[in-house]
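**Student:** Okay, here's the structure, questions in a sec.
The values are calculated or read from the model by the stated rules, or taken from the named source; none is laboratory data. Only a predicted model underlies this, so the values are computations on that prediction, with no experimental measurement involved. Neighbour counts run over all protein chains shown; Cβ positions are idealised from the backbone, glycine included.
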Amino acid sequence: MWEKIKECFLVIVSAVALILSLTGILKNVLSFDIAWVAIILCGIPIVTGSLIALIKEHDIKADVLVSIALIASLCIGEYFAAGEVAWIMAIGTLLEDATARRARRGIEKLIDLTPKTARVKRDGREEIISADQVEAGDELIVLAGETVAADGIITCGETSIDQSVMTGESIPVDKTVGDEVTSGTINQFGAFEMRAAKDGGDSSLQRMIRLAQEADANKAPIVKLADRWATWLVAAALGVAGATWLATGELIRAVTVLVVFCPCAFILATPTAVMAGIGNATKFGILVRSGDALQRFSTISHIAFDKTGTLTYGSPEVVGVESFASNLGSDELLRLAALAEQRSEHPLGKAVVAYYLNRGGRLREIRDFVLSSGRGVRAKAADYDIVAGKADYLKGEGIEVPDRPLQAADRYLQRGATVIYVGVNGSFAGVIALADVLRDSAKAMVAELKSIGVRPVLLTGDNEATASHIASQVGIEDVKPNMLPEEKMKVVKEYTDSGKNVCMIGDGVNDALALKTAYASVAMGGIGSDVAVEAADAVLVSDNIERIPYLLKMAQKCMKRINFNITVAMIWNVIAVMLSTLGTLNPVTAALVHNVGSVFVVISSALLISSKEDSYASFNGTDYLSAGSLDLKCE
């Protein structure tokens, strides 16, 4: 921070010195041209840096030409021109740094939200430790207004959590015992206790920060190409300047050519646009790993989707309740099934209970609960003896499933659902169907991809019936079911080998091979596995797949802006060189004309940061409201 303030101060002092030099106010007072102030303050760092790059790294960059032009101007006594060249180059550097800092603002917001401390219960005592010292299994206490220090599960208490840093949701989410909480989110109201599921240094927020920092540190190959071109530009500049001197006999024209030949705008064209594009994506909850990845996203022709956790939410929900008992309605059947399943640890049982409670139901005490792992449960509630599970489990309990319910169950099975069969008081009662529910935005997202010329593909390990049902719901025609991880990778490779740029979207460990093999890849950051996230080129922080079309459009816009910047920079330099050889420009006006191009390029790139589409909400996790707290009462 202080370094940037110092640089700004030096630039301001240099500007004042150049104004005084141009007006000649101190000409009779000082024995030297005050433009030397700008030459020393802004020029020496440029010359020094270019010499170090040449000697130590054998690297020729824009600074080399600037240094040559600066020294040549000094040799012919054009002190103001030399100072102006150095000063405007310093201005360009400051603008580039400002653009990069603004592009990294989303990363800085994530870092600012990183919890510094955690309240830990150890040996019956509460102590405050550094958040990165939290270990998986630690019991934590989170008070109202505090930041959750690690990913974990609430073990005591109720509260509301501001999850906007991870999901973009503006409304706090109610949480109670058994609910998951994520590091970096804010406890709004009540105090609660939780058990850490991961170490503090391995939390979801820390993982996102590491990915964001990787995105900041990387550079697109096109940037390196521009650096290589700079070597040839130096040679061309010296050649044209030498030819101009020989043809006209005027050294000042040759110096002017050197001034305008500096490829500052050309060199700035790509990195500023890449950083701005990555910064814009970060605002919308999309963390792009590198500039190279951004470039690849701009040429995607096919997108291959995993199903579970990507097109769907990745957890079962009740999608149908049918009673086949004349004395039981569907609501009563659901209630009895939820009563029997309330002590079950099976995901399907938990889903039935959650669905019942969400509909306003209440659970009552049960007795004689029996769990048969992977098969079903049995329990008694009031005058009911309830059995719920697989068909063969009910048969083992003396309850036969008639043909009609089996046919109804088969219809659900054909749509990719799982069926729980329910028996009451020794007789078959009905079926409850559960399925992994399609994400609300999946269909619209696929339609938008098609509208921009990208073909969607479904790669899933599910059976053909389930895969076809999901694909038909979202509008995907190309479906490949029963895919093992290696088979997904093979299909992706076949697309790549045939010249198609395919992007893989997935969330699980089973998707990691395909994510790594694909031309470009995106992982679901919220529910995605660590392996999938590390393998992908970009991460959707909030799992909002509707942002995928925006990512592709932003990448295309970024590459178009780079091409535009480079084209403008080259045309601008060619015109300036022609005017210099004709004597129309002198070293002073040439420096001004040339560096106007650099400023234009930086501003052009900076506009990408604020680019947006009305259909997407900005990623914002910095504004929080404090409120009262609830009493924590835990035994």
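**Student:** Of the residues in segment 546-578, how many are touching a residue at least 12 places away in the same chain (Cβ under 8 Å) and farther than 30 Å from Arg439 by Cα?
**Tutor:** As a first pass, look at segment 546-578 and keep what is touching a residue at least 12 places away in the same chain (Cβ under 8 Å): 546-559, 561-562, 564-566, 568-570, 572-573, 576-577.
This time we only want the ones that are farther than 30 Å from Arg439 by Cα, so: 559, 561-562, 564-566, 568-570, 572-573, 576-577.
So the answer is 13.
**Student:** Could you please give the count of residues in segment 532-547 that are in a helix (DSSP H, G or I) and either among the charged types (D, E, K, R) or touching a helix residue (DSSP H, G or I) at 6+ places or on another chain (Cβ under 6 Å) (or both)? Don't jump to the end; show me each part of the working.
**Tutor:** Our first condition is that a residue be in a helix (DSSP H, G or I); within segment 532-547, this holds for 532-535, 545-547.
Restricting the remaining residues to those that are either among the charged types (D, E, K, R) or touching a helix residue (DSSP H, G or I) at 6+ places or on another chain (Cβ under 6 Å) (or both) gives 532, 534-535, 545-547.
Within segment 532-547, residues that are in a helix (DSSP H, G or I) and either among the charged types (D, E, K, R) or touching a helix residue (DSSP H, G or I) at 6+ places or on another chain (Cβ under 6 Å) (or both) number 6.
**Student:** So Ile548 clears everything in (1) under 16 Å from the mean Cα position of the chain (by Cα); (2) modelled with pLDDT of 80 or more; (3) surrounded by fewer than 24 Cβ atoms within 10 Å (Cβ to Cβ) except one condition, right? Which one?
**Tutor:** Unmet condition: (3).
**Student:** Hey, Asp306 hits all of (1) among the acidic types (Asp, Glu); (2) in contact with a strand residue (DSSP E or B) (Cβ under 6 Å, 6 or more places away or on another chain); (3) farther than 30 Å from Val502 by Cα but one; which does it fall short on?
**Tutor:** Every condition holds for Asp306 apart from (3).
**Student:** Any chance you could count how many residues in segment 418-465 are within 22 Å of Leu515 (Cβ to Cβ) and hydroxyl-bearing (Ser, Thr, Tyr)?
**Tutor:** Adding up the residues that qualify gives 2.
**Student:** Pick out the one residue from Lys488, Lys493 that is in contact with a Leu (Cβ under 7 Å, 6 or more places away or on another chain) and surrounded by 15 or more Cβ atoms within 10 Å (Cβ to Cβ).
**Tutor:** Going through Lys488, Lys493 in turn, the sole match is Lys488.
**Student:** If you take the residues in segment 567-594 that are over 23 Å from Glu250 (Cβ atoms) and modelled with pLDDT under 85, which one is surrounded by the most Cβ atoms within 10 Å (Cβ to Cβ)?
**Tutor:** So, considering only residues that are over 23 Å from Glu250 (Cβ atoms) and modelled with pLDDT under 85, the one surrounded by the most Cβ atoms within 10 Å (Cβ to Cβ) is Ala569.
**Student:** Would you say Ile505 is part of a strand (DSSP E or B) and assigned by TED's automatic domain parsing to the domain that holds Lys395? So that I can check it myself, show each step before the final result.
**Tutor:** Numbers: part of a strand (DSSP E or B): yes; assigned by TED's automatic domain parsing to the domain that holds Lys395: no.
So Ile505 fails the test.
**Student:** Collect the residues in segment 182-192 that are crowded, with 23+ Cβ neighbours inside 10 Å and closer than 15 Å to Glu139 by Cα, keeping them in residue-number order. So that I can check it myself, show each step before the final result.
**Tutor:** Taking segment 182-192 first, the residues crowded, with 23+ Cβ neighbours inside 10 Å are 183-187, 192.
Listed by number, the residues that qualify are Ser183, Phe192.
**Student:** Can you list the strands (runs of 3 or more DSSP E) lying wholly within segment 404-488 that have 1 or more residues being without any contact (Cβ under 8 Å) to a residue 40 or more places away in the chain? Spell out how you get there, then give the answer.
**Tutor:** Numbers: elements: 418-424, 427-438, 455-459, 478-480.
Answer list for segment 404-488: 418-424, 478-480.
**Student:** Among the residues of segment 371-381 satisfying the criterion of being at pLDDT 90 or above and out of contact with any Phe, Trp or Tyr (no Cβ under 6 Å at 6 or more places or on another chain), which is surrounded by the fewest Cβ atoms within 10 Å (Cβ to Cβ)? First the steps, then the outcome.
**Tutor:** Taking segment 371-381 first, the residues at pLDDT 90 or above are 377-381.
Pick out the ones that are also out of contact with any Phe, Trp or Tyr (no Cβ under 6 Å at 6 or more places or on another chain) and you get 377-378, 380-381.
Values: Val377: 24, Arg378: 20, Lys380: 15, Ala381: 20.
Looking at residues that are at pLDDT 90 or above and out of contact with any Phe, Trp or Tyr (no Cβ under 6 Å at 6 or more places or on another chain), I get Lys380.
**Student:** Can you find even one residue in segment 339-351 that is outside the structural domain of Thr496 (by TED's automatic domain parsing) and on the phi > 0 side of the Ramachandran plot? Quick ask: steps written out before the conclusion?
**Tutor:** Of all residues in segment 339-351, those outside the structural domain of Thr496 (by TED's automatic domain parsing) come to 339-351.
Going one step further and asking which of them are on the phi > 0 side of the Ramachandran plot, we end up with none.
No.
**Student:** Then there is this: Could you identify the single residue in Leu394, Leu339, Leu334 that is surrounded by 21 or more Cβ atoms within 10 Å (Cβ to Cβ), over 46 Å from the mean Cα position of the chain (by Cα) and not in a strand (DSSP E or B)?
**Tutor:** Details: Leu339 fails: over 46 Å from the mean Cα position of the chain (by Cα); Leu334 fails: over 46 Å from the mean Cα position of the chain (by Cα).
None of the other options fit; the residue is Leu394.
**Student:** Residue by residue through segment 1-48, note down the ones that are among the hydroxyl-bearing types (Ser, Thr, Tyr) and surrounded by 12 or more Cβ atoms within 10 Å (Cβ to Cβ). Give the derivation first.
**Tutor:** First, pick out the residues of segment 1-48 that are among the hydroxyl-bearing types (Ser, Thr, Tyr): 14, 21, 23, 31, 48.
Matches in segment 1-48: Ser14, Ser21, Thr48.
**Student:** Is there any pair with a first residue in segment 308-333 that is within 30 Å of Val522 (Cα to Cα) and modelled with pLDDT under 90 and a second that is among the hydrophobic types (A, V, I, L, M, F, W, C) and assigned to a loop (DSSP other than H, G, I, E, B) whose Cβ atoms are under 7 Å apart and which are 6 or more apart or on different chains, and what are they?
**Tutor:** Listed by first residue and then by second, the contacts come to Gly309/Ile527; Gly314/Ile527; Val319/Ala417.
**Student:** Among the residues of segment 262-319, write down those that are in a loop (DSSP other than H, G, I, E, B), over 20 Å from the mean Cα position of the chain (by Cα) and surrounded by fewer than 24 Cβ atoms within 10 Å (Cβ to Cβ).
**Tutor:** Looking only at segment 262-319, we keep the residues that are in a loop (DSSP other than H, G, I, E, B), and these are 262-263, 284-285, 289-290, 298-301, 306.
Remaining after also requiring over 20 Å from the mean Cα position of the chain (by Cα): 262-263, 301.
Within segment 262-319, Ser301 is the sole residue that qualifies.
**Student:** Out of (1) of a type in the set (Lys, Arg); (2) out of contact with any Phe, Trp or Tyr (no Cβ under 8 Å at 6 or more places or on another chain); (3) closer than 30 Å to Met489 by Cβ, what's the single condition that is false for Arg362?
**Tutor:** (3)
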